[in-house]
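See below for the structure under consideration.
Every number here is computed from the coordinates shown, using simple stated rules; none is lab data. The model shown is predicted, which means the values in this text are computed figures rather than measured ones.
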Amino acid sequence: MKISLSITFLLLTAVVFSQSAVFSVPYRTAKFPKTNEGVVLHYTYLVTNKGKAPLIIYASDTECSCTDVQLPSNPILPGETKKIEVYFNTREKFFYQKRLITLTTNTRRKIERLWLNVFVIPN
């Protein structure tokens, strides 16, 4: 009796812990054409939760203040898609720019990364 209860408990625990959020985007890197300095670029990442638990994006971090990220205010439910809006100000940025956006989430990885690539032509 104790053995069957133990096995049942382990199986139920495995099912509960296997339910997690899965961060999915069509493209992790946004590539822009050559752009003149001073332009503010905008890109929308469409994030889909392909997991079985709500996806929560707690915070975002960027390499500089030239990049602004707007996260969804509510969790992304399983099967749901929401937007992450990113703005990159090219003012005083020159030549090849590759910006990393780090997202803190409740996925198994905990950290999800997105990139923005552009060649900025100086004025």
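A few comments on the model shown:
- Relative contact order, percent, segment 21-121 [alpha-carbon distance under 8 Å, six or more residues apart]: 38 percent
- Under a Gaussian network description of the chain, with springs only between Cα atoms under 10 Å, the residue in Val69, Val39, Val47 that fluctuates furthest is Val39.
- Value at 222 nm in deg cm²/dmol, rounded to 500, when DSSP H runs of n ≥ 4 in the chain each add -39,500 (n - 2.57): -4500 deg cm²/dmol
- Of Lys52/Lys82; Lys50/Lys98; Lys34/Lys83; Lys34/Lys82, those spanning more than 20 Å from alpha-carbon to alpha-carbon: Lys50/Lys98; Lys34/Lys83; Lys34/Lys82
- Considering only segment 21-121, percent of DSSP beta bridges that pair antiparallel, nearest 5: 85 percent
- Top of Ile57, Ile76, Ile84 by mean-square fluctuation, Gaussian network on the chain, Cα under 10 Å: Ile84
- Computing Cα Rg over 2.2 N^0.38 Å directly from the structure and comparing it against (1) 1.21; (2) 1.43; (3) 1.00 singles out (2).
- Computed extension gain for Asp68 through Val22, at 0.36 nm per residue and net of the alpha carbon distance, reaches 14.2 nm.
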